[in-house]
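Okay, structure first, notes after.
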Amino acid sequence: MKTNKKIPVFILSVVLGPIILTGLIQSNQITLTDERFTRLLPDSEGIFVQEIVKYHYIGMEKCASVCHNNEKMGFQYDIMKNSPHSNAFKILVTEKAVRYAKKANVKENPQESPVCLKCHVTGGGLDSSFFASTYRKEEGVTCEACHKGAFITKAFIPKEEDCLRCHNDSVHKMNSFDFRKNCVKIAHPRPKVNTKET
């Protein structure tokens, strides 16, 4: 009787063993693949293109409606809305912009040229999958141009090299860029919180 029970167990192990083993191997491969892709996520050294970490630009008005247009935040939206950055797209219709475009061998309308839009709108040069429905290029260079990046999901304070991506004389002559001076011109800090109790 004991031999009769061993035969079916043996047959089942022979038949099901490879199936179970294959499943374990595939499960392990998926884990290894996930670990490899985790290593491709952005770090401080470089940014790798992964759909999973793509940032979607939402636009300046959305930033205002969520947090940045109240007393606690120092009405940052109002400051930015009236800054030269917010007019960056609008100035592309001026005669000066057309002259700059012509000198740079830009054949199309500056408001449609990837060469111009790269610096004159937030996310210029990226495809539409990077933009939320609230994004509008007419807002020009917005909060997200300086504080976010196409594959950076956490906000950051820009450094000089971030600004020099556009303020660099690459397409047309610009005034010499003084990082400290220009930061003061566009400053929009949060108000200091008074920690003293009254």
Look through the range 140-171, keep the residues that are over 13 Å from the mean Cα position of the chain (by Cα) and of a type in the set (Lys, Arg), and return whichever of them is farthest from Ser65 (Cα to Cα). Arg165
If you scan the range 131-143, which residues turn out to be in a helix (DSSP H, G or I) and touching a His at 6+ places or on another chain (Cβ under 6 Å)? none
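Would you point out which residue out of Asn182, Asn194 is among the polar types (S, T, N, Q), over 21 Å from the mean Cα position of the chain (by Cα), under 28 Å from Lys72 (Cα atoms) and at pLDDT 90 or above? Before you say what the answer is, go through the steps one by one.
Working: Asn194 fails: at pLDDT 90 or above.
So the residue among Asn182, Asn194 that is among the polar types (S, T, N, Q), over 21 Å from the mean Cα position of the chain (by Cα), under 28 Å from Lys72 (Cα atoms) and at pLDDT 90 or above is Asn182.
Scanning the range 87-115 for residues that are of a type in the set (Lys, Arg) and exposed (fewer than 14 other Cβ atoms within 10 Å of the Cβ), which turns out nearest to Glu138 (Cα to Cα)? Quick ask: steps written out before the conclusion?
Pass one, the range 87-115, residues of a type in the set (Lys, Arg): 90, 96, 99, 102-103, 107.
Subset that is exposed (fewer than 14 other Cβ atoms within 10 Å of the Cβ): 96, 99, 102-103, 107.
On the way: Lys96: 18, Arg99: 21, Lys102: 22, Lys103: 24, Lys107: 21 Å.
Filtering the range 87-115 for residues that are of a type in the set (Lys, Arg) and exposed (fewer than 14 other Cβ atoms within 10 Å of the Cβ), the one nearest to Glu138 (Cα to Cα) comes out as Lys96.
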Being surrounded by 13 or more Cβ atoms within 10 Å (Cβ to Cβ) and part of a loop (DSSP other than H, G, I, E, B) is the filter here; which residues of the range 71-86 pass it? Met73, Gly74, Phe75, Ser83
What pairs come out if I take residues in the range 56-85 that are in contact (Cβ under 8 Å) with a residue 12 or more places away in the chain and at negative phi and pair them with residues that are assigned to a loop (DSSP other than H, G, I, E, B) and hydrophobic (A, V, I, L, M, F, W, C) whose C-beta lies under 6 Å away, six or more apart or interchain? His56/Ala132; Ile58/Ala132; Ser83/Ile186; His85/Val141
Residue pairs, Cβ under 7 Å, 6 or more apart or interchain, first in the range 140-165 and touching a residue at least 40 places away in the same chain (Cβ under 8 Å), second surrounded by 21 or more Cβ atoms within 10 Å (Cβ to Cβ) and of a type in the set (S, T, N, Q). List them. Val141/Thr122; Thr142/Thr122; Glu144/Thr122; Ala145/Thr122
Within the range 147-182, which residues are part of a helix (DSSP H, G or I) and either surrounded by fewer than 14 Cβ atoms within 10 Å (Cβ to Cβ) or in contact with a Ser or Thr (Cβ under 6 Å, 6 or more places away or on another chain) (or both)? Glu160, Glu161, Arg180, Lys181
What number of residues within the range 101-128 satisfy the criterion of being assigned to a helix (DSSP H, G or I) and more than 24 Å from Pro158 (Cβ to Cβ)? 4
Scan of the range 39-62 for residues that are in a helix (DSSP H, G or I), hydrophobic (A, V, I, L, M, F, W, C) and at pLDDT below 90, ordered by number: Ile52, Val53
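The values are calculated or read from the model by the stated rules, or taken from the named source; none is laboratory data. Model, not experiment: these values are computed from the prediction. As a convention, Cβ positions derive from the backbone with ideal geometry for all residues, glycine included, and neighbour counts pool all protein chains shown.
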